[in-house]
Ligand code: GLU
């Protein structure tokens, strides 16, 4: 199987830990590549009357622990390899969070900003029609991800329910509240990141109220990470960054005495671009997109895309940074990771750090099954318990095995999946 960089990274990380775990050949053979892959072509009637055909993927990496679970991305540069890498990460993510779900991921090659609302709805419904037999509450359950949102999930649920002839809310999560969704889902990923940071600070003996953070990104995850870094930890967020749609480059918005996430959200347009003019008028420094990584802060939180910390820019990370909390999926390249490992950086690896989203998705599917919905307090209390337990199980493994946190997270998750495969009789 030919592989591109993103997938090769996930595989190499896997091989490295499989060696450390002394994982047997049968488990390796199962886990190194996905169990099932779908590639479909989705015809969509565009508003101007033309027909466009979009490539769509769904990859089901492993379902030993339960139904496949993972987001659906709309991204212009999507490939089967990015989807494979992310599906594999979902297997580790669900396992490390200790929820009874497997790993999957979907993607459509499209820049969602090019679609009208009607085209977008037809694309989502077309994706469901093309892949209907692959999905279901006990088979594979998508969720929002880069480029998709709660409304898309509700169209997904509706189309699936029509085809199934049954109201089936549990076939997709991240739906709007009132449309089968769970309270707390919108903030769950960003909040989960900060719960991990809080636990890390406890273990490292850091007073969170005296800390600062620099965040890359200002999408859903970054926004709630910023909000809770301030609210839950009492720390200061020095900057966030964001992609500017018109200028086709990103910018960093910095305020030495701390940014105000609510204000920045109020000057963000529907496409996620923060207004440079309004930010500057409110006293923010508007800097280059990569300025976030150069800040003298305690915590760095990449919360945007994959492959953002590279061999070229890892040297810019200040020696004062104590924690790297990987809120995005795969933000650090293998080369950059080798440097961080050498430096002794305390890394909260992506599939642990951002597991709050899928954990809340799990709660949503449980509520869908029960047809009984919990209060936001109940959801967030359960989320806190799950995320802090997950963090501490990895931390304990890292102490016990004297392992880098990323390796420890892989050890915890691969072992659970391999055990489940053994119990089910898939391997010896
Ligand atoms: N897309 C999110 C992730 O990468 C959430 C997945 C889910 O909720 O199923 O973790």
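At a glance:
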{"quantity": "Enumeration of residues in the range 87-122 that are in contact (Cβ under 8 Å) with a residue 60 or more places away in the chain, assigned to a helix (DSSP H, G or I) and crowded, with 23+ Cβ neighbours inside 10 Å", "calculated": "88, 89, 90, 91, 92, 93, 94, 95, 96"}
{"quantity": "Filter pass, residue 394 being in a helix (DSSP H, G or I), crowded, with 24+ Cβ neighbours inside 10 Å and away from the ligand (no atom under 16 Å from the Cβ)", "calculated": "yes"}
{"quantity": "Selection within the range 327-364 - under 13 Å from residue 404 (Cβ atoms), within 15 Å of the ligand (Cβ to nearest atom) and touching a strand residue (DSSP E or B) at 6+ places or on another chain (Cβ under 8 Å)", "calculated": "348"}
{"quantity": "Strands (runs of 3 or more DSSP E) contained entirely in the range 226-329, each with at least 1 residues that are buried (at least 16 other Cβ atoms within 10 Å of the Cβ), within 21 Å of the chain's Cα centre (by Cα) and at pLDDT 95 or above", "calculated": "236-244, 249-254, 299-302, 323-325"}
{"quantity": "Residue in the range 95-103 that is more than 10 Å from the ligand (Cβ to nearest atom), under 13 Å from residue 34 (Cα atoms) and in contact with a helix residue (DSSP H, G or I) (Cβ under 8 Å, 6 or more places away or on another chain) present", "calculated": "yes"}
{"quantity": "Those residues of the range 199-231 which are in contact with a helix residue (DSSP H, G or I) (Cβ under 9 Å, 6 or more places away or on another chain), without any contact (Cβ under 8 Å) to a residue 40 or more places away in the chain and more than 30 Å from residue 371 (Cβ to Cβ), in sequence order", "calculated": "202, 207, 208, 226, 230, 231"}
{"quantity": "Flag if residue 190 is assigned to a loop (DSSP other than H, G, I, E, B) and touching a helix residue (DSSP H, G or I) at 6+ places or on another chain (Cβ under 7 Å)", "calculated": "no"}
{"quantity": "Members of the range 201-225 found to be touching a strand residue (DSSP E or B) at 6+ places or on another chain (Cβ under 7 Å) and surrounded by fewer than 24 Cβ atoms within 10 Å (Cβ to Cβ), listed by number", "calculated": "204, 211, 212"}
{"quantity": "Single match in 156, 132 (criterion: in a helix (DSSP H, G or I) and more than 15 Å from the ligand (Cβ to nearest atom))", "calculated": "132"}
{"quantity": "Hits in the range 135-153 (condition: away from the ligand (no atom under 12 Å from the Cβ) and surrounded by fewer than 21 Cβ atoms within 10 Å (Cβ to Cβ))", "calculated": "136, 137, 138, 139, 151"}
{"quantity": "Any hit, the range 309-326, residues being under 21 Å from residue 220 (Cβ atoms) and either away from the ligand (no atom under 16 Å from the Cβ) or without any contact (Cβ under 8 Å) to a residue 24 or more places away in the chain (or both)", "calculated": "yes"}
{"quantity": "Selected residue (criterion: farthest from the ligand (Cβ to nearest atom)) from residues of the range 162-180 that are on the phi < 0 side of the Ramachandran plot and within 18 Å of the chain's Cα centre (by Cα)", "calculated": "175"}
{"quantity": "Qualifying residue in the range 366-388 (condition: within 29 Å of residue 6 (Cα to Cα), away from the ligand (no atom under 16 Å from the Cβ) and either modelled with pLDDT of 95 or more or part of a helix (DSSP H, G or I) (or both))", "calculated": "yes"}
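The values are calculated or read from the model by the stated rules, or taken from the named source; none is laboratory data. These numbers come from a predicted model, not from an experiment. Neighbour counts run over all protein chains shown; Cβ positions are idealised from the backbone, glycine included.
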